[in-house]
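Laboratory data are not the source of any read-out in this text; all were calculated from the coordinates shown. Here the structure is a predicted model, which means the values were calculated and not measured. Please note: Cβ atoms are built from the backbone with ideal geometry, for glycine as well, and neighbour counts cover all protein chains shown.
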């Protein structure tokens, strides 16, 4: 279960640092490149798990870009989502989906859980919709 953002700060799972626009730009560029890459792939039973991991990674990189702009360094994937919930007005359904994909990605990476092609396609649609919203917030703040 996600905690409030302050919990991750208190537990040193997020560290306050100086804002870093260059790191933020690099992370956002990587997230956008990863989106282009996964959109070029044909999702099959053989590659769905790998594409799913890239989909999640793109969301993680973009979220971390926002954190970097505000001077935070995460040491927890949960902290990324808690950060989005605290500082941005994204719909609860979107942050919940992101968290659900975080859990699925963990099960896939660490528990050999099989990601179906339909679940991967669903996640890709989410990425295609949600990543531009994260990027829009990023563009507002990078000025």
Label-point gap, in nm, between residue 42 and residue 25 - each point 7 angstrom along Cα→Cβ: 3.8 nm
Most fluctuating residue given options 81, 55, 115, as computed from a GNM of the chain linking Cα atoms under 10 Å: 115
Dimensions in Å of the chain - Rg and Dmax from alpha carbons: 14.8, 43
Calculated [θ] (222 nm, deg cm²/dmol) that DSSP helices of n ≥ 4 give over the chain, each run adding -39,500 (n - 2.57): -24500 deg cm²/dmol
Percentage relative contact order, the chain, counting C-alpha pairs under 8 Å, at least six apart: 34 percent
Chain lengthening between residue 3 and residue 117 when straightened (0.36 nm per residue, less Cα-Cα): 38.0 nm
Theoretical gain in end-to-end length, residue 16 to residue 96 [0.36 nm per residue, Cα-Cα removed]: 26.3 nm
Three-way shape call for segment 1-80 based on the alpha-carbon gyration tensor, with the a/c threshold at 1.5: oblate
Pairwise centroid distance, computed over Cα atoms, of segment 71-143 with segment 14-52, Å: 11 Å
Between helix 77-87 and the chain: long-axis angle, C-alpha atoms, 0 to 90°, nearest 10: 60 degrees
